[in-house]
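Here is the structure we will look at.
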Amino acid sequence: MNDMTELVASTQQTLARIARDFSPAVFACSLAAEDMVLTDLILKGKLPIAIFSLETGRLHAETLAVLDKVKQTYGVAITLYRPQPEAVAAYVAQNGLNAFYDSVEMRRECCRIRKVEPLGRALAGNKAWVTGQRRGQSSTRAELQVEEADAAHGMTKFNPLADWSEQDVWSYLRAHQVPYNALHDQGYPSIGCQPCTRAIEAGDDVRAGRWWWENPDSKECGLHTVDGKLIRIKSVAA
């Protein structure tokens, strides 16, 4: 058994344990490369883990196209959660459409409205949630655990790909012919909302194109933070 086979097997075991011991559980799919690996493993494994995505209203057309690719490939439609229209309208009316460029606080408030609040609705009533985060993605994720206690949402959080490298992700996608976001072929290793993401140069941190006008230690949207800080608490069951 080669290293890749062992890595996939280990991840499959983690997902199976989530489905068995933490039902109901959901997977927050960003539609990026890592998340397509998990989408493939969950759907091909016919695991009872619901898949949802946050449709912020500012995503690239290429990102939205992945939704159709998933439906065509697996016959499954990913559930979408959108921000509250009145909250978006109030933010834009008071601050402007692109106020997130003005300060970290304004950017985080936009992320809160478009991503964090919808996430709360998506997670409600579940015992665990799954993400595609990896340690190698950025300095802010270097201490990532496969299983963590998420006190903010009162549940367990799993990062099954924490140990995977970027090469591992792409080896899996290519070997299994998994559909992926076309932006990855245009220099976008990490993809968020269109106005907050750009292509990177060779050798850059994989998340360098996210909120590129900010310092590296602030580059989280709030989905994985408490009061702006990443909280890593290893689950007692891990």
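The values are calculated or read from the model by the stated rules, or taken from the named source; none is laboratory data. Just so you know, these numbers come straight off a predicted model, no measurement behind them. All Cβ positions, glycine included, derive from the backbone under ideal geometry; neighbour counts span all protein chains shown. Areas reflect the complete protein model, heavy atoms only, side chains present, ligands, DNA and RNA absent. Shrake-Rupley method; radii C 1.70, N 1.55, O 1.52, S 1.80 Å.
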Ranked packing of 195-208, 117-130, most packed first, by mean Cβ within 10 Å: 117-130, 195-208
Low-density loop cleavage sites - chymotrypsin sites (Phe, Trp or Tyr not before Pro) in segment 151-218, where at most 12 other Cβ are within 10 Å (DSSP): Trp213
Filtered trypsin sites (Lys or Arg not before Pro), segment 3-75: DSSP coil and at most 16 other beta carbons within 10 Å: Lys46
Near-label residues of segment 62-105 by backbone N, under 18 Å of a point 7 Å along Cα→Cβ of Trp213: 91-105
Packing-based ranking, highest mean first, of 48-55, 102-109 given that Cβ atoms within 10 Å are counted: 48-55, 102-109
Segment 1-131 - accessible surface per residue (Å², probe 1.4 Å): 47 Å²
Solvent-free Debye scattering, log10 I(q)/I(0), computed from the Cα coordinates of the chain at q = 0.12 Å⁻¹: -0.66
Where labels lie 7 Å past Cα in the beta-carbon direction, separation of Asp21 and Val92 in nm: 4.6 nm
Full-stretch length increase - Arg174, Thr79 - with 0.36 nm per residue and alpha-carbon distance subtracted: 31.7 nm
Folded to 0 to 90 degrees: helix 3-21 orientation relative to the chain principal axis, Cα: 80 degrees
C-alpha center-to-center spacing [segment 156-190, segment 1-32] in angstrom: 14 Å
Where Rh is the Kirkwood radius over Cα pairs, Rg/Rh for segment 69-134: 1.08
